[in-house]
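The values are calculated or read from the model by the stated rules, or taken from the named source; none is laboratory data. Since we're looking at a predicted model, the values are computed, not measured. Heads up, the Cβs are rebuilt from the backbone with ideal geometry, glycines too, and the neighbour counts pull from every protein chain shown.
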């Protein structure tokens with residue numbers, strides 16, 4: 001009766017086409033976690049669903065990067081033993097976490113995937129879960145406060161399993177000042193359910209036979225065997241069960257229904273496990289050597305699947321007793337630490353992950369860009385007008401002293417420039433009043449669905465040049481590459497044996513009525529500082545807009561590629577960069593840079609904007625600071641172009657503005673979208689956020705990374721309209737716009 005009441009209530013809250021996508025086994029899990037109190041189980045279900053939406057975890061496919069590498073890392077695992085009362089044991093090993101090369105989303109995906117498998121056991125559903133946060137042998141570099149809070153919030157009140165206790169296995173770090181906030185959090189939120197212990201003290205709380213040796217126990221657990229069992233759970237039950245994806249991913253198909261048409265739900269929801277299952281016997285075993293490579297790890301870890309016939313009540317069948325292998329495993333590839341909704345491993349049905357590795361040991365993640373086999377153009381949804389395709393940017397001249405954009409431009413070419421731009425005045429779009437009604441009507445959930453429809457469209461081109469072996473080390477993130485047709489081409493270095501010396505991870509992007517108005521690029525790496533300044537010189541760039549800080553949340557987001565102090569000079573290749581003057585504003589810093597070319601003896605002035613008011617998480621609550629920032633940039637650009645006088649013979653709008661964040665797609669795409677939409681609004685009185693973003697992504701793939709960045713573009717246009725008298729103050733209550741997607 002409780003199950004029926006739960007399903008009835010959940011289905012009444014969902015949209016009609018997704019009402020049947022919550023299964024009975026899922027209902028049982030949430031009810032068991034709340035002792036069959038239906039109202040509390042419903043609250044838990046909503047909290048879990050909202051957590052998945054907030055973190056962008058819609059689809060969980062262990063075959064795809066970066067989840068696959070995260071699962072192999074071994075940092076989070078479920079142990080084969082239990083406590084004295086039958087609770088399952090989950091272990092997070094802090095020393096294996098690298099905040100600089102992974103993402104919160106990937107880690108949370110791996111945790112949710114494994115816990116979903118763990119609660120397939122009725123005993124775990126009934127007796128709950130104990131979480132062990134192991135800090136032994138970890139350093140401060142392994143610590144990630146925000147991730148810890150997200151994990152604990154997930155376990156505490158947003159996962160269908162009862163959290164019995166959290167054991168924090170302390171190290172000297174735990175008592176240092178940076179951990180005070182986390183200590184306060186666990187005390188306030190978890191109260192009596194958290195214990196801080198030393199490694200040898202765990203044995204007084206948990207049976208010795210269930211603990212790993214380095215935590216004072218005798219268990220010789222294998223993370224690889226656990227992952228193998230997770231795959232087998234799915235593989236052994238897949239056959240003939242059309243709803244199995246929902247059984248093993250609590251709300252997976254429901255969330256996918258938000259972004260997929262009803263007719264495509266079942267096809268899009270099925271996960272392909274065949275490949276990872278076939279490779280685990282050979283690859284996961286050797287990968288395990290990367291997971292436990294220090295003296296504190298269990299020295300007896302191995303892949304003898306025969307020793308793990310049952311894992312917390314889940315059968316491990318089909319495992320090979322000969323799976324124990326020696327050799328070097330594949331090192332986990334570097335991953336984006338921006339919200340990485342940028343999977344270049346999108347596969348058409350039946351595709352398998354490429355098993356090739358690069359010389360550095362990194363697995364190629366980017367081999368499966370979905371495109372039409374006949375002409376290479378991106379597939380688009382039926383009924384959606386095709387996106388205009390951008391012609392190739394003009395190739396640079398042979399000499400780096402001759403800026404490519406300033407040649408071959410005549411006084412009659414402004415119309416030609418407008419014709420080339422993909423953002424043009426056109427019929428359709430919305431007035432600001434229509435825009436307000438659109439947001440009120442669709443609410444946040446509807447805007448999220450609108451973004452999801454854009455996000456699932458495959459890239460409009462290929463990434464072949466970015467994936468060349470010699471170029472891979474120049475990419476900050478292995479899953480953020482340049483489309484071949486819009487990449488910025490540097491002048492080839494004549495004295496360089498590297499045939500790819502013309503490569504930089506940067507893309508030309510059109511503005512409103514302006515071809516190549518922006519160059520969207522990644523935050524420069526130390527090894528690409530010289531390339532960055534070459535690009536600035538060759539494209540005659542006057543303005544650089546940087547929308548990230550160099551370090552955020554303890555992570556390096558961008559290299560320090562310009563002199564930080566006034567009067568300081570740095571050399572990058574044959575360029576001297578001098579910081580002549582710094583102006584500090586409330587929300588940004590403006591550095592006046594002098595760029596000196598030692599080969600030609602020329603000097604140029606470049607204005608470097610550093611926007612510092614973007615919050616560490618999400619987007620700004622108000623667009624006011626960003627709107628002021630944009631206005632300042634536009635005024636500076638206009639003045640700088642005017643100061644060039646007759647020396648500038650290129651397009652009237654001047655050289656492209658370099659815009660970058662860390663990956664060059666999230667905040668970068670947000671800034672450019674806002675600039676394009678507001679320019680169009682001023683010109684013809686309408687905007688089309690959806691089409692603007694879709695078209696932008698044909699030039700810089702995956703621009704606008706998260707749905708809240710997309711939603712921010714809508715609210716920023718509304719705020720701009722109010723500030724400029726185009727719209728009276730909008731009156732709406734929180735209930736008008738707040739939804740479960742919060």
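Quick look at the numbers
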item	result
Among (1) more than 24 Å from residue 73 (Cβ to Cβ); (2) modelled with pLDDT under 80; (3) out of contact with any strand residue (DSSP E or B) (no Cβ under 7 Å at 6 or more places or on another chain), the one test that residue 178 misses	(1)
Check on residue 586, within 33 Å of the chain's Cα centre (by Cα) and either surrounded by fewer than 16 Cβ atoms within 10 Å (Cβ to Cβ) or assigned to a loop (DSSP other than H, G, I, E, B) (or both)	yes
Any chance residue 566 is part of a strand (DSSP E or B) and more than 16 Å from residue 664 (Cα to Cα)	no
Enumerated strands (runs of 3 or more DSSP E) restricted to segment 428-546, each holding at least 3 residues that are closer than 30 Å to residue 593 by Cα and modelled with pLDDT under 95	514-521
Top-ranked residue in segment 598-633 [being part of a loop (DSSP other than H, G, I, E, B) and more than 29 Å from the chain's Cα centre (by Cα); ranked as surrounded by the fewest Cβ atoms within 10 Å (Cβ to Cβ)]	601
Odd one out for residue 705, checked against (1) surrounded by 24 or more Cβ atoms within 10 Å (Cβ to Cβ); (2) part of a helix (DSSP H, G or I)	(2)
Residue within segment 149-168 that is surrounded by fewer than 17 Cβ atoms within 10 Å (Cβ to Cβ), within 19 Å of residue 555 (Cβ to Cβ), under 23 Å from the mean Cα position of the chain (by Cα) and modelled with pLDDT of 75 or more present	yes
Within segment 538-573, considering residues that are in contact with a strand residue (DSSP E or B) (Cβ under 6 Å, 6 or more places away or on another chain) and in contact (Cβ under 8 Å) with a residue 40 or more places away in the chain, the one farthest from residue 673 (Cα to Cα)	562
Candidate set: segment 634-656, residues that are outside any helix (DSSP H, G or I) and touching a strand residue (DSSP E or B) at 6+ places or on another chain (Cβ under 9 Å); chosen: the one surrounded by the fewest Cβ atoms within 10 Å (Cβ to Cβ)	652
Flag for residue 595 being in contact with a helix residue (DSSP H, G or I) (Cβ under 8 Å, 6 or more places away or on another chain), in contact (Cβ under 8 Å) with a residue 40 or more places away in the chain and not in a loop (DSSP other than H, G, I, E, B)	yes
Among the residues listed as 525, 490, the single one being farther than 15 Å from residue 668 by Cβ and touching a strand residue (DSSP E or B) at 6+ places or on another chain (Cβ under 7 Å)	490
Any hit, segment 666-681, residues being touching a residue at least 40 places away in the same chain (Cβ under 8 Å), in contact with a helix residue (DSSP H, G or I) (Cβ under 7 Å, 6 or more places away or on another chain), over 21 Å from residue 431 (Cα atoms) and in a loop (DSSP other than H, G, I, E, B)	yes
Options 207, 172: the member that is at pLDDT 80 or above and surrounded by fewer than 21 Cβ atoms within 10 Å (Cβ to Cβ)	207
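Conditions (1) crowded, with 22+ Cβ neighbours inside 10 Å; (2) in the same structural domain as residue 488 (by TED's automatic domain parsing); (3) over 17 Å from residue 704 (Cβ atoms), marked per residue:
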{"residue": "510", "(1), (2), (3)": "yes, yes, no"}
{"residue": "516", "(1), (2), (3)": "yes, yes, yes"}
{"residue": "520", "(1), (2), (3)": "yes, yes, no"}
{"residue": "525", "(1), (2), (3)": "no, yes, yes"}
{"residue": "529", "(1), (2), (3)": "no, yes, yes"}
{"residue": "533", "(1), (2), (3)": "yes, yes, yes"}
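Residues are listed down the side, and each one gets a yes or a no for (1) more than 27 Å from residue 448 (Cα to Cα); (2) touching a residue at least 24 places away in the same chain (Cβ under 8 Å); (3) more than 28 Å from the chain's Cα centre (by Cα):
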residue	(1), (2), (3)
5	yes, yes, yes
20	no, no, yes
27	no, yes, yes
30	no, yes, yes
51	no, yes, no
55	no, yes, no
61	no, yes, no
69	yes, yes, no
72	yes, yes, no
